[in-house]
1. Has the stretch 345-360 got any residue that is out of contact with any Leu (no Cβ under 7 Å at 6 or more places or on another chain), in a helix (DSSP H, G or I), in contact (Cβ under 8 Å) with a residue 60 or more places away in the chain and assigned by TED's automatic domain parsing to the domain that holds residue 437?
2. Kindly provide the set of residues from the stretch 643-679 that are β-branched (Val, Ile, Thr) and at pLDDT 85 or above, ordered by number.
3. Look through the stretch 200-234, keep the residues that are part of a strand (DSSP E or B) and either in contact with a Gly (Cβ under 6 Å, 6 or more places away or on another chain) or among the aliphatic types (A, V, I, L, M) (or both), and return whichever of them is nearest to residue 186 (Cα to Cα).
4. Under 6 Å between Cβ atoms, which residue pairs at least 6 apart in sequence (or on different chains) link something in the stretch 572-597 that is touching a residue at least 40 places away in the same chain (Cβ under 8 Å) with a partner that is surrounded by fewer than 21 Cβ atoms within 10 Å (Cβ to Cβ) and among the hydroxyl-bearing types (Ser, Thr, Tyr)?
5. Quick check on my filter: what residues within the stretch 603-627 are over 14 Å from residue 642 (Cα atoms) and modelled with pLDDT of 85 or more?
6. Which condition does residue 133 not pass, out of (1) aliphatic (A, V, I, L, M); (2) more than 30 Å from residue 246 (Cα to Cα); (3) touching a residue at least 40 places away in the same chain (Cβ under 8 Å), if it passes all the others?
7. Which ones in the stretch 72-92 are among the basic types (Lys, Arg) and in a loop (DSSP other than H, G, I, E, B)?
8. Mind checking whether some residue in the stretch 386-402 is free of Cβ contacts under 8 Å to residues at least 60 places away in the same chain, under 24 Å from residue 365 (Cα atoms) and crowded, with 22+ Cβ neighbours inside 10 Å?
Amino acid sequence: MDWIFVSIKALQGLVFIYDIITYPIYWLVQRPDKVLKNATKQSAIKVEESENSITFRNPAEVSEIFLQFTKNKIDTLDKAFKFAVAQHGRRSAIGSRDLIAEEDEVQPNGRIFKKFVLGDYRWRTFIDMDVDVDNFGRGLAELGVTDRERVVIFSETRVEWLVATFGCLRRGMTCVTLYANLGEEAIIHGINETDTETIITSHELLPKFHQILRMTPKVKNVIVFEGQLKPLSFVDFNKEVKFSRYTDVIELGSKSTKAGTWPSANDIAIIMYTSGSTGTPKGVMMTHKNIISALMSYTNVVSKMFNNDVYMAYLPLAHVLELIAEMMCLLYGIKIGYSTALTMTDTSGKIKKGGKGDATVLRPTLIASVPLILDRIYKNITEKVEKGGQFSKGLFNYAISYKEKWYQKGFDTPILNSIIFRSIRSLLGGNVRFLLSGGAPLAPENHSFVRAALCAPILQGYGLTETSSGACIMDIEDRSVGKVGSPLVCCDIKLVSWEEGGYLVSDKPSPRGEIHVGGDNVALGYFKQKEKTREDFYEENGRRWFKTGDIGVVHEDGTFQIIDRKKDLVKLQAGEYISLGKVESELKGCPLVENICVYADPRHSYPVALILPNAKKLNEIAAQENGAPKLENLCKNKVVEKEVLKLLQEYAKKRNLEKFEIPQAMRLCSEPWTPDSGLVTAAFKLKRKNIEDLYRQEIEDMYKKKF
């Protein structure tokens, strides 16, 4: 081991000499003084202050395209789409890969898995897309779907999803969006609550309708996106419901002459059902004006787009982050290539050995992601590094810290990027310019690590379905981590003191409080839930506001950081407040953890944890401890459990968690936490109450006798 230490030290010495020699050149070329000035510029100002609240606003001028939309009264999503078609006409707009075949592949353990043989991307131009949009809308009219009617879209993210949505919007219809992985109870609730008669779904999800249609008596039409390999069959389905193929609806519409009803800015464009982390999913009513407002505000942030930019789409389009991201791409003429979590990389689960993943073929420059995916990237990278020798591990860790050091000084490291990090960048195609992260907090350590390894900025944003995805976002030149940036130009951000939790706008050095978002992007409220709407939304000074329930702090430069959530905060026996979400966010980076739910009983001085383990890592521990091979048995093995707790606590200390934040007992859970099990939402957020109820006995046992 001594030679490794000496080798790394010698390398550091050579690099130090190299830094001294090349520093003037890098200074002249990269101008770090300007970079840091832009990274720390004032990005929000106080516009109102009282004893209990402070309101902040972005002082930036709106973008040229924002002014153009205002001048030309482009105030609906259909008008925005027509604007994009007029601007980008014959350019490629949306595309997906040809599915050539599905083949059996024998694994080393003898098991047989189905794998895809995929071809190239097949593209539709903006004009092609516009024709399909118009024909689909007319086809709906021919099926008897009236203008202003509500239509449910229950499908995975794909080309047809976006076409069908704009087809509905062009006729003044309201789209009701449901996550593809929602449980049947939630799907039935969304369909029945909105009195929907027409559902748009996919070949893959069609089998669910044998059961769903028995519980949704008002449904008259089901339109299905076809699969590429297997023909559609509607045999054995409810004969009282009319089933149609997506392509047949477009064909029907191409022969129609029925005029439509154009939507207005204040019409409800989308009722988007939230994932329901605290109960039954709620339908958020977003008008055309709400979404256009949020869309326009993002043009201030991502104005540096190029003609050759490519976006890889894989997040659920039923999530407002992905919907806004794809609409932004259409606005700027950026190609959208569709992917899935099972086909994204060369090593994804559905890619045949030797085949190419979507990222390798598409070579995207822009990707929207969520912390769950970025945490997996972090774990995959660190896992590969751990498998290498001590020298390669030491070299990689040195390269990460070296890159981060110079990054914070305003420099880039092009030589290091091409030598050390090139293979990591190739996992996502090698061309990624920046990633957008939203939907949940991203742990600062993971943020800086993945940013360095992928050699691309990660812009963390903050928004909710109730604010049409708009609230805050980092500037592309911001080099910090742990923050969500400054307010978007469409809204004000208000901090309101929460005395019960000890978060006050008078706190020094920085004001803290509950975040309220106010602006044209704030939704009308929850569908058929007037009481809940009155509880969470309000009008003040001519603006509509939403109480987020999130606790934020504003820094001197006007950037915000989410530090807590009211529902996640628990006061321990000794008086300390513990943020369950914060602790979970930090501990999810532990290689042993696939998912984690932290629980804190106010009658005790420490939290405990329920852990869904990484089966592969757990088997490695079991091999050392002579544990049983089955996951269920491993999770019950007290020796293995004790070792996992020890490693978890060591990891928690590395993440600088306070002593009272570190779980003092834990239990391993062998049953998967899935939307179908009711333990996580469709967006894979914890359903904390459901988990606590299911594991009530285990929680009580942990507090009775910890390790």
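1. Quick first cut of the stretch 345-360, residues out of contact with any Leu (no Cβ under 7 Å at 6 or more places or on another chain) only: 346-347, 351-354, 356-358, 360.
When the remaining residues are screened for being in a helix (DSSP H, G or I), the result is 358, 360.
Okay, now just the ones that are also in contact (Cβ under 8 Å) with a residue 60 or more places away in the chain, so 358, 360.
With assigned by TED's automatic domain parsing to the domain that holds residue 437 added as a condition, the list becomes none.
Within the stretch 345-360, none of the residues are out of contact with any Leu (no Cβ under 7 Å at 6 or more places or on another chain), in a helix (DSSP H, G or I), in contact (Cβ under 8 Å) with a residue 60 or more places away in the chain and assigned by TED's automatic domain parsing to the domain that holds residue 437.
2. Residues satisfying the conditions are 644, 662.
3. Here the residue is 200.
4. Close Cβ pairs satisfying both conditions: 572/605; 574/605; 590/651.
5. 603, 604, 605, 606, 607, 612, 614
6. Only one criterion is unmet by residue 133, namely (2).
7. Filtering the stretch 72-92 down to residues among the basic types (Lys, Arg) leaves 73, 79, 82, 90-91.
Hits for the stretch 72-92 are 73, 90, 91.
8. No, the stretch 386-402 contains no residue that is free of Cβ contacts under 8 Å to residues at least 60 places away in the same chain, under 24 Å from residue 365 (Cα atoms) and crowded, with 22+ Cβ neighbours inside 10 Å.
The values are calculated or read from the model by the stated rules, or taken from the named source; none is laboratory data. If you're wondering where the values come from, they're calculated on a predicted model, not measured in any experiment. Here Cβ is always computed from backbone atoms with ideal geometry, including for glycine, and neighbour counts include all displayed protein chains.
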